[in-house]
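Colleague: Here you go, one structure.
The values are calculated or read from the model by the stated rules, or taken from the named source; none is laboratory data. Note that the structure is predicted; figures quoted are calculated from it, not measured. For neighbour counting, all protein chains shown are included, and Cβ atoms are generated from backbone atoms with ideal geometry for every residue, glycine included.
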Amino acid sequence: MPEGRISEGRPPDAPTILFAGDPHGNFTPILRACADLRPGTLIVVGDLACPAPLAHVFAPAIEAGWSVRWILGNHDTETETAFDHLTGHDGDLGHRVETIGGLRFAGLPGVFRPRVWEPRDGPAAFRTRAAFQAALRPNETWRGGLPLWHRDTLFPEDFDRLAAMRCDVLVSHEAPSSHPHGHGVIDDLAAACGARLIVHGHHHQSYDATLPNGIRVRGLGLAETWCLEVGGL
């Protein structure tokens, strides 16, 4: 399992921070990694596609002392079952910042969808969920709100909200410009937040890169685990 690097000055007994790439229902490699490490915090970068409630899926790790954090991926909104199995757990890191082991982690869940916003094509058609919902036909809503398919859609308001916060690590499902299918607006968001590292999934490619603005990027493969445990970020 490749090791990451965290900020200098952290105590040697600082809790383990383990990232996991998109499981797509395959949690075995992640549970094995958790069993091999000192318990800490597991952060899953989307597309869990949970076949059962998340607390059940990760029961062995949780019982061993692990805390689980996650963000939504596009496959988590494909069915009501997958959505409910994930969102019924309180570890959602999306659209907020949490301090874990002395580092601040911000979560940017979801994907860009052309009906709302495709940054490469120009300005968003809708900046907010409220504006988008107001434009929907009555039969398009789900549970009194956005359609299930759009519960993980990215809006400019998500970027505005996170840009006003500070973080060390930006956890996203979509990729920044380091990936051929990535987006420069994620580079800009990370810079606005003061992030020094972006960790993302979605494209199932394991790689390390550095953006032109100096921010490090770690892309994760399918169910790949990566430990942010030693050194300096």
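Colleague: May I ask you to list the residues in segment 58-80 that are small (Gly, Ala, Ser) and surrounded by fewer than 20 Cβ atoms within 10 Å (Cβ to Cβ)?
Modeller: So the first thing to find is which residues in segment 58-80 are small (Gly, Ala, Ser), and the list is 59, 61, 64-65, 67, 73.
Ala59, Ala64, Gly65, Ser67 - these are the residues of segment 58-80 that are small (Gly, Ala, Ser) and surrounded by fewer than 20 Cβ atoms within 10 Å (Cβ to Cβ).
Colleague: Of all residues in segment 178-192, which are surrounded by fewer than 24 Cβ atoms within 10 Å (Cβ to Cβ), farther than 19 Å from Asn74 by Cα and touching a strand residue (DSSP E or B) at 6+ places or on another chain (Cβ under 9 Å)? Reasoning before the result, please.
Modeller: Pass one, segment 178-192, residues surrounded by fewer than 24 Cβ atoms within 10 Å (Cβ to Cβ): 178-185, 187-189, 191-192.
Then keep just the ones that are farther than 19 Å from Asn74 by Cα; that gives 178, 184, 187-189, 191-192.
Listed by number, the residues that qualify are Ser178, Asp187, Leu189.
Colleague: While we're looking at this one, here's another question. Run Leu72 past the list (1) more than 20 Å from Leu148 (Cβ to Cβ); (2) in contact with a Pro (Cβ under 6 Å, 6 or more places away or on another chain) and report the number of the one that doesn't hold.
Modeller: (1)
Colleague: On to the next question. Pick from segment 162-219 the residues that are in a loop (DSSP other than H, G, I, E, B) and of a type in the set (Lys, Arg): which of them is farthest from Leu93 (Cα to Cα)? Walk me through it before giving the result.
Modeller: Within segment 162-219, the first condition is being in a loop (DSSP other than H, G, I, E, B), and the residues that meet it are 164-168, 173-183, 194-196, 201-206, 211-215.
From the residues that got through so far, the ones that are of a type in the set (Lys, Arg) too are 166, 196.
Values: Arg166: 14, Arg196: 18 Å.
Among those residues, the one meeting the criterion is Arg196.
Colleague: Taking segment 113-150, which residues are basic (Lys, Arg) and touching a residue at least 60 places away in the same chain (Cβ under 8 Å)? Write out each step before concluding.
Modeller: In the first step, residues of segment 113-150 are kept if they are basic (Lys, Arg); the result is 113, 115, 120, 127, 129, 137, 143.
The answer is Arg120, and nothing else.
Colleague: Looking at segment 102-149 only, could you name the residues that are among the basic types (Lys, Arg) and part of a loop (DSSP other than H, G, I, E, B)? If you could, list the steps in order and put the result at the bottom.
Modeller: Here is the first cut: in segment 102-149, the residues among the basic types (Lys, Arg) are 104, 113, 115, 120, 127, 129, 137, 143.
Matches in segment 102-149: Arg113, Arg115, Arg127, Arg137, Arg143.
Colleague: Being surrounded by fewer than 15 Cβ atoms within 10 Å (Cβ to Cβ) and out of contact with any Gly (no Cβ under 8 Å at 6 or more places or on another chain) is the filter here, so list the residues in segment 33-57 that pass it.
Modeller: Ala35, Asp36, Arg38, Ala52, His56
Colleague: Could you please find all residues in segment 79-118 being among the acidic types (Asp, Glu), at pLDDT 95 or above and more than 11 Å from the chain's Cα centre (by Cα)?
Modeller: Quick first cut of segment 79-118, residues among the acidic types (Asp, Glu) only: 80, 84, 90, 92, 98, 118.
So of that shortlist, the ones also at pLDDT 95 or above come out as 80, 84, 92, 98, 118.
Hits for segment 79-118 are Glu80, Asp84, Glu98, Glu118.
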